[in-house]
Amino acid sequence: MLEIRIPTSSGGNSNWRGPIWFPMNYLIIDALDRYHNFYGDSLTVEYPARSGNFQTLKASANDIRTRLISIFKTDKNGARPWQGGDARANMSHHDQGLQQFYEFFNPETGKGHGASHQTGWTALVATLIKDRYS
């Protein structure tokens with residue numbers, strides 16, 4: 001997942017520094033796919049940065065897709081990272097299928113932050129799932 005870290009001394013709205021934003025990641029994935037369609041397997045990039053591991057643009061795009069999708073996947077206890085360990089999110093069996101499409105997510109834990117009804121851009125996860133597994 002793409003995250004940008006800018007020193008706090010630069011001022012401005014800190015929400016654009018650090019958190020995971022679906023629209024930015026989606027645009028990067030789309031660009032990686034388009035470049036892969038042109039260059040094919042002849043172009044590789046170091047991913048993650050400074051890892052010494054080189055892979056195709058398609059593989060990088062798929063890894064980012066998988067990481068974004070994982071924010072919504074249940075663990076063995078039925079919890080999802082976007083819930084941030086909040087037990088209230090899984091209290092009722094009637095709400096087990098409920099997904100909250102938060103505005104942005106913590107890059108370390110996946111916990112959702114901001115508006116929880118951001119079904120516009122965060123619902124892009126459905127497209128990511130379709131593209132990754134079809």
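The values are calculated or read from the model by the stated rules, or taken from the named source; none is laboratory data. Note that this is a predicted model, so its numbers are computed, not measured. For neighbour counting, all protein chains shown are included, and Cβ atoms are generated from backbone atoms with ideal geometry for every residue, glycine included.
Return yes when Thr122 is in a loop (DSSP other than H, G, I, E, B) and at pLDDT 90 or above and no when it is not. Full working, then the answer.
On the way: in a loop (DSSP other than H, G, I, E, B): yes; at pLDDT 90 or above: yes.
Answer is yes for this residue.
Given the conditions (1) aliphatic (A, V, I, L, M); (2) at pLDDT 90 or above; (3) over 25 Å from Pro19 (Cβ atoms), which single one is not true for Met91?
With (1) aliphatic (A, V, I, L, M); (2) at pLDDT 90 or above; (3) over 25 Å from Pro19 (Cβ atoms) applied to Met91, the lone miss is (2).
Under the condition of being modelled with pLDDT under 90 and over 20 Å from the mean Cα position of the chain (by Cα), which residue from region 1-58 is farthest from Thr127 (Cα to Cα)?
Across region 1-58, the extreme among qualifying residues is Ser9.
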